Amino acid sequence: MSEPSLSTLLERHRDALRAIVTRRGSGLLRFESADDLVQGVQIRALEGRAHFAYRGERAFTGWLARIAAQHIAHRHKHWRALRRGAGRVVRLGASESLRIEGGAGAPEPAVSATGPPTAAFRREQVEVATQALAMLFPRDRDLVAWISEDVSVEEIGRRLGLSPEAAKKARLRALERFRKTFELVTRAAARAKSAK
């Protein structure tokens, strides 16, 4: 009897793999679907087919579980990196565009209230900002991060190889795209909450 192909094995164990990523990657399910995680693990397995040798079902499920753990760890790392920047990005208020354009606007003051409701609201905002940042193109993501870090127009222009005027326009466009994406993610989160 010939041994099954890797593709056949992956398809056969899809439900078991879904259970693994649902259990081990539960924290990721706020940002990615279980099916996306399963697909990511399957892609990693197919990329590693040169190192694969079928040694029975038990050995295969162990190999697949190790690949799933690596993929889940990689995705956690990815989302943690985005969340670090998202905390600063949440503070980009409506007056930010005035400041970017060189006007007299100032960043909105931080909320001074404390307590569980405020902390929960902040966590939700960081989560929404993380999701919104992930949806942006890499250049826009960098620009929004640089805006939140108060990187000067001249420095942004140098980093991107743009004139100061072009850098200013790029910043405004990136901030506008982030705000629209943030709003869409906020609406989607509110709809999901009300559907529960």
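Worth a mention:
- Taken together, the residues in the range 31-65 that are part of a loop (DSSP other than H, G, I, E, B), more than 27 Å from the chain's Cα centre (by Cα) and either surrounded by 14 or more Cβ atoms within 10 Å (Cβ to Cβ) or not basic (Lys, Arg) (or both) amount to 4.
- Candidates Arg12, Arg24 - the one that is within 15 Å of Trp63 (Cα to Cα), at pLDDT 85 or above and charged (D, E, K, R): Arg12
- Which numbered condition Leu98 fails, given (1) hydrophobic (A, V, I, L, M, F, W, C); (2) buried (at least 19 other Cβ atoms within 10 Å of the Cβ); (3) at pLDDT below 85: (2)
- Test: Ala68 is surrounded by 12 or more Cβ atoms within 10 Å (Cβ to Cβ), at pLDDT 90 or above and assigned to a helix (DSSP H, G or I): yes
- Condition met for Thr22 (surrounded by 13 or more Cβ atoms within 10 Å (Cβ to Cβ), among the hydroxyl-bearing types (Ser, Thr, Tyr) and within 25 Å of the chain's Cα centre (by Cα)): yes
- Being in contact (Cβ under 8 Å) with a residue 40 or more places away in the chain, over 17 Å from the mean Cα position of the chain (by Cα), over 12 Å from Ala132 (Cα atoms) and assigned by TED's automatic domain parsing to the domain that holds Met135 is true of Leu172.
The values are calculated or read from the model by the stated rules, or taken from the named source; none is laboratory data. Since this is a predicted model, take the numbers as computed values, not measurements. Quick reminder, even Gly has a Cβ in these numbers, built from the backbone with ideal geometry, and neighbours come from all protein chains shown.
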